[in-house]
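Rule-based calculations on the coordinates, nothing more; no lab input. Keep in mind the model is a prediction, meaning the values are calculated, not measured. Note: ideal-geometry Cβ built from the backbone for every residue, glycine included; neighbour counts use all protein chains shown.
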Amino acid sequence: MVILSNVSYLCSKPSLSSLPSSPSSRSHFIIRCSQEGKEVVSPLGSLLWSLGEDISKRSLLALVSASLFFVDPALAFKGGGPYGQGVTRGQDLSGKDFSGQTLIRQDFKTSILRQANFKGAKLLGASFFDADLTGADLSEADLRGADFSLANVTKVNLTNANLEGATATGNTSFKGSDITGADFTDVPLRDDQRAYLCKIADGVNATTGNATRDTLLCN
């Protein structure tokens, strides 16, 4: 039984002595098959070509299907390109040195980043959602558009950091942080956090030239 394109053929088996001796002649050799009760006469070369083509298609489909099951789960968190190569989401990265690195839109969601060093790093659009940044160094970092929702930003060095347009909603806490020269332009803050930061606000951001108190809309 030979399966070709979902059609069944029952072919008579030719004897070896009946095959032409020349390979080129064999492609013209006639083989008789029955297709759904009807006799079909087909050149041997044509039948073999169809069989090979059908097998090739099936093999390719099987290969593609199998490859879908071998995707590295870690790739879901690897940004690649402008997102950085390392897996940084949901990791314990305490004390790691990211200073001066370009980590645009990097995903640090739910990671432990205690005492991590981000001094001078480019972190535009990075996510620190629900991350623990206790004691981290974010001085001079470009944090425009970064997400600090639910993050623990206590005792963090934010000296001359640029947080323009960053998100800091929920239970985000900046308690004990150094915000000298930090730029909080367009950062939505809870009233209690704004009041707290205004008590300690001082300095002018070296990059934007904006006074910290002005960016916090302090009275």
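Let's see if you can work this out: charge +1 on each Lys and Arg Cβ, -1 on each Asp and Glu Cβ, no other charges. What is the dipole magnitude of segment 107-218 about its Cα centre, in debye to the nearest 20?
On the way: 11 positive and 15 negative charges, 43 e Å.
My answer is approximately 200 debye.
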Checklist outcome for this item: Within segment 134-219, DSSP-loop trypsin sites (Lys or Arg not before Pro) with at most 15 other C-beta atoms within 10 Å are LYS175, ARG190
Checklist outcome for this item: Projected onto the charge dipole of segment 107-218 (unit charges on the beta-carbon of Lys, Arg, Asp and Glu, signs +1, +1, -1, -1), the Cα from THR208, THR185, ASN157 with the largest positive-side position is that of ASN157
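Report the semi-axes of the equivalent ellipsoid for segment 107-218 in whole Å, largest first, where each axis is √(5λ) for an eigenvalue λ of the Cα gyration tensor.
Details: eigenvalues 69, 44, 31 Å².
Taking √(5λ) for each Cα gyration eigenvalue gives 19, 15, 12 Å.
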